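One structure is given below, encoded as structure tokens.
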Amino acid sequence: MDVLVVGAGPAALAIATALLEQGVSVAALALGDPQERWPNTYGIWGEEVDRLGLAHLLAHRWSNTLSWFGDASCPHGRDYGLFDKDRLQRHWLDRAEAAGLIWHRGRAVAIHHTSNQSAVCTDGGSDIWARLVVDASGHDPVFVRRPDEGPVAGQAAYGIVGRFSAPPVEPGQFVLMDYHSGHLTPDERLGPPTFLYAMDLGDGVFFVEETSLAQAPPLPLAVLKERLTRRLAARGVEALEVQHEEHCLFPMNLPLPDLEQPVVGFGGAASMVHPASGYMVGALLRRAPDLAAAIAAGLADPELCSAELARRAWAGLWPLELRRKHALYRFGLEKLMRFPEAQLRAFFATFFALPAEQWYGFLTNTLSLPDLVAAMLRLFVTAPGSVRWGLMEMKGRELGLLGRLLRP
């Protein structure tokens, strides 16, 4: 094979499909059944999925989208969608298998490199050879190495899909962030803030999720479950039927991997989670073709050694501008993790008062670096004094993260 992809989740299928469409021969190594249903839900902004031409893969789409940061709602004026995860999975699986994807089963336990090939050893005793290995095994990757730069913040969420004694949100509505906290004690409001992420799924079914944006260490799921129950109870709402429980925990501020290593990462393994919003599926869809093109161009040279092929692939995935933006996002998240609830509310109220193209581009990582800096400067100028002071105050590793803009 030209490329072996390790993994069977969204990142693995996205890059395997993109490589096959470049004419590259691809095998994939799955720990379990690659047809096994994915457990989590995946959201995306309507405009983003429209530009990708994949709106037909949505299970739900809302135009009534808003957040709550104070007494009045903050309408977003932009559609939001929830993927039909089965349809999304089949979209990639069908295309990949039709193009010749070969599946292997087993756990990757070791890897050996020669000058122009790599062999992945499985727990079953097999060696799978390829010119390049792409590790798409998730946030705790099998082979990809990244530096240790201190505590890693996790976004944690506990959610339920079900039927309730009364609508937890308005019918036909999607709530991105609801920071109402009247159900908490004064002491609890001094601790890490959490918000409600919720949506009407139709036919009397709703999805409600208590979410912690990012904390190091992450907020325990038991705390989030208890807070969600109390939030609903304060509204006179009780869960009558739980159809699905969602447990979500993933790292937000991972440093970039070592871009000189001979194994290439993609998805969580390559630190592709948006450090300020937690989104990744849109990035997988947008960036898989770029990485695939860089790999295909390298493979076209039969004399190119594996180490140089990997370097070119990493450069295709993480060009200089994206590395600088990643540093800026990590700097911003470090600030937000220190903000108490009142300061965080004020920050988000200011953020979503920016021109729509600025806050949308920030959340989807589609702004150019100059436009991203311009958006952040505009936010600083228009924010209340408490937020400006919090953004100026340097603590811990913030200055070092900001320095990555110059030397990412």
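Checking the conditions here, which among 383, 327, 349 is modelled with pLDDT of 95 or more and touching a Leu at 6+ places or on another chain (Cβ under 9 Å)? Reasoning before the result, please.
Values: 327 fails: modelled with pLDDT of 95 or more; 349 fails: touching a Leu at 6+ places or on another chain (Cβ under 9 Å).
Within the list 383, 327, 349, the selection yields 383.
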- Item | Boolean, residue 279 is under 22 Å from residue 252 (Cα atoms), aromatic (Phe, Trp, Tyr) and without any contact (Cβ under 8 Å) to a residue 60 or more places away in the chain | no
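For the stretch 117-153, how many residues meet the condition of being among the β-branched types (Val, Ile, Thr) and either part of a loop (DSSP other than H, G, I, E, B) or outside the structural domain of residue 8 (by TED's automatic domain parsing) (or both)? Even if it seems obvious, please write down each step before you answer.
Narrowing the stretch 117-153 to residues among the β-branched types (Val, Ile, Thr): 120, 122, 128, 133-134, 142, 144, 152.
Subset that is either part of a loop (DSSP other than H, G, I, E, B) or outside the structural domain of residue 8 (by TED's automatic domain parsing) (or both): 142, 144, 152.
Summing the residues that are among the β-branched types (Val, Ile, Thr) and either part of a loop (DSSP other than H, G, I, E, B) or outside the structural domain of residue 8 (by TED's automatic domain parsing) (or both) in the stretch 117-153 gives 3.
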- Query: Hey, among the residues in the stretch 367-408 that are hydroxyl-bearing (Ser, Thr, Tyr) and in contact (Cβ under 8 Å) with a residue 40 or more places away in the chain, which one's surrounded by the fewest Cβ atoms within 10 Å (Cβ to Cβ)?
  - Reply: 368
- Query: For the subset of the stretch 147-202 comprising residues that are within 19 Å of residue 238 (Cβ to Cβ) and either hydroxyl-bearing (Ser, Thr, Tyr) or without any contact (Cβ under 8 Å) to a residue 12 or more places away in the chain (or both), which member is surrounded by the most Cβ atoms within 10 Å (Cβ to Cβ)?
  - Reply: 158
- Message: Going through 178, 123, 200 one at a time, which residue ends up being farther than 23 Å from residue 71 by Cα and charged (D, E, K, R)?
- Response: 123
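How many residues does the stretch 335-376 contain that are of a type in the set (Val, Ile, Thr) and part of a loop (DSSP other than H, G, I, E, B)? Spell out how you get there, then give the answer.
First pass over the stretch 335-376, keeping only residues of a type in the set (Val, Ile, Thr): 350, 364, 366, 373.
Among the residues that remain, those that are also part of a loop (DSSP other than H, G, I, E, B) are: 366.
Counting residues in the stretch 335-376 that are of a type in the set (Val, Ile, Thr) and part of a loop (DSSP other than H, G, I, E, B) gives 1.
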- Message: Here is a check on your reading of the model: is residue 328 of a type in the set (A, V, I, L, M, F, W, C), surrounded by fewer than 19 Cβ atoms within 10 Å (Cβ to Cβ) and more than 21 Å from residue 67 (Cα to Cα)?
- Response: no
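Please find, among 37, 90, 51, 95, the residue that is touching a residue at least 60 places away in the same chain (Cβ under 8 Å) and out of contact with any strand residue (DSSP E or B) (no Cβ under 9 Å at 6 or more places or on another chain).
Details: 37 fails: touching a residue at least 60 places away in the same chain (Cβ under 8 Å); 90 fails: touching a residue at least 60 places away in the same chain (Cβ under 8 Å); 51 fails: touching a residue at least 60 places away in the same chain (Cβ under 8 Å).
None of the other options fit; the residue is 95.
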- Candidate set: the stretch 214-246, residues that are part of a strand (DSSP E or B), in contact with a Ser or Thr (Cβ under 9 Å, 6 or more places away or on another chain) and modelled with pLDDT of 95 or more; chosen: the one surrounded by the fewest Cβ atoms within 10 Å (Cβ to Cβ): 240
- Query: buried (at least 18 other Cβ atoms within 10 Å of the Cβ), small (Gly, Ala, Ser) and in contact (Cβ under 8 Å) with a residue 40 or more places away in the chain: does that describe residue 293?
  - Reply: no
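Quick one: would you say residue 363 is under 22 Å from the mean Cα position of the chain (by Cα) and hydrophobic (A, V, I, L, M, F, W, C)?
Numbers: under 22 Å from the mean Cα position of the chain (by Cα): yes; hydrophobic (A, V, I, L, M, F, W, C): yes.
Spelling it out, residue 363 is indeed under 22 Å from the mean Cα position of the chain (by Cα) and hydrophobic (A, V, I, L, M, F, W, C).
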- Scan the stretch 1-21 residue by residue and report those that are under 13 Å from residue 265 (Cα atoms) and small (Gly, Ala, Ser). 7, 11, 12, 14, 16
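The values are calculated or read from the model by the stated rules, or taken from the named source; none is laboratory data. The structure presented is a predicted model; accordingly, all values stated were derived computationally and were not measured. Note: ideal-geometry Cβ built from the backbone for every residue, glycine included; neighbour counts use all protein chains shown.
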